[in-house]
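Participant: Handing you a structure now.
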Amino acid sequence: MILDRHTTQQPRGFTLLEVMVSVAVLGLAMVAIHHAQAQGIRAIARGKNMTLGTMLAWEKMNEILIDIRNDFPTVGEERKGDFDKPYEQFHWILRVEENPHIPEQARDRLPLLHLTVFWETEQAREKSSASSSTEAQGRGGHKVEVWTCVARL
């Protein structure tokens, strides 16, 4: 009795097509996992900067309110500055505006203080390395705004 060699042998592995399909599926899964992980890291950094920006904004507003007795700002005035290390990527702008919510005769005695703390993202810093920090606010940076009214006595 002569047996056919092909009928008695068991298959020993995967075909090339099966291996190629499995590698393609694995590659797509890895790309999706990498993208999700990168988004998570960006969200953590954004949350950290938002928290720091908020804390720095309240700290700067408290400094302004303490110093306001000696140097009361006038409506239309604008002041700018940067925070010290390790927060040098954070900048602030104080704008003194008329308060539209009070009677007109009292607006010069009760101005609206508008403090904006902003920072650049790494991508915005690379794009605008030659520009000033206030220009970067509109180009990919993020900000925190604090408003308050102060009575001139």
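The values are calculated or read from the model by the stated rules, or taken from the named source; none is laboratory data. As the structure is a computational prediction, the values presented were derived from the model and not from experiment. Cβ coordinates were reconstructed from backbone atoms using ideal geometry, including for glycine residues, and neighbour counts include every protein chain displayed.
Participant: I'd like the residue in segment 36-51 that is of a type in the set (A, V, I, L, M, F, W, C) and either touching a helix residue (DSSP H, G or I) at 6+ places or on another chain (Cβ under 9 Å) or touching a residue at least 40 places away in the same chain (Cβ under 8 Å) (or both) and, out of all such residues, is surrounded by the fewest Cβ atoms within 10 Å (Cβ to Cβ). I'd like the intermediate steps shown before the answer.
Facilitator: We begin by selecting, within segment 36-51, every residue of a type in the set (A, V, I, L, M, F, W, C); these are 36, 38, 41, 43-45, 50.
Those still in the list that are either touching a helix residue (DSSP H, G or I) at 6+ places or on another chain (Cβ under 9 Å) or touching a residue at least 40 places away in the same chain (Cβ under 8 Å) (or both) too: 45, 50.
Details: Ala45: 12, Met50: 14.
Within segment 36-51, the match that is surrounded by the fewest Cβ atoms within 10 Å (Cβ to Cβ) is Ala45.
Participant: Name the residues in segment 11-22 that are part of a helix (DSSP H, G or I) and exposed (fewer than 10 other Cβ atoms within 10 Å of the Cβ), would you? So that I can check it myself, show each step before the final result.
Facilitator: Of all residues in segment 11-22, those part of a helix (DSSP H, G or I) come to 16-22.
Of everything in segment 11-22, those that are part of a helix (DSSP H, G or I) and exposed (fewer than 10 other Cβ atoms within 10 Å of the Cβ) turn out to be Leu16, Leu17.
Participant: To continue, here is another question. Looking at Ala57, Ala32 in this structure, which one is loosely packed, with under 13 Cβ neighbours inside 10 Å and small (Gly, Ala, Ser)? Lay out the reasoning, then the answer.
Facilitator: On the way: Ala57 fails: loosely packed, with under 13 Cβ neighbours inside 10 Å.
That would be Ala32, the only listed residue that is loosely packed, with under 13 Cβ neighbours inside 10 Å and small (Gly, Ala, Ser).
Participant: Any chance you could count how many residues in segment 62-92 are out of contact with any helix residue (DSSP H, G or I) (no Cβ under 7 Å at 6 or more places or on another chain), under 18 Å from His142 (Cβ atoms) and either among the hydroxyl-bearing types (Ser, Thr, Tyr) or buried (at least 17 other Cβ atoms within 10 Å of the Cβ) (or both)?
Facilitator: So the count comes out to 1.
Participant: Can you give me the ranges of the strands (runs of 3 or more DSSP E) entirely in segment 63-139 with at least 2 residues that are basic (Lys, Arg) and modelled with pLDDT of 80 or more?
Facilitator: Working: elements: 78-82, 90-97, 112-119.
Of the strands (runs of 3 or more DSSP E) lying wholly inside segment 63-139, those with at least 2 residues that are basic (Lys, Arg) and modelled with pLDDT of 80 or more span 78-82.
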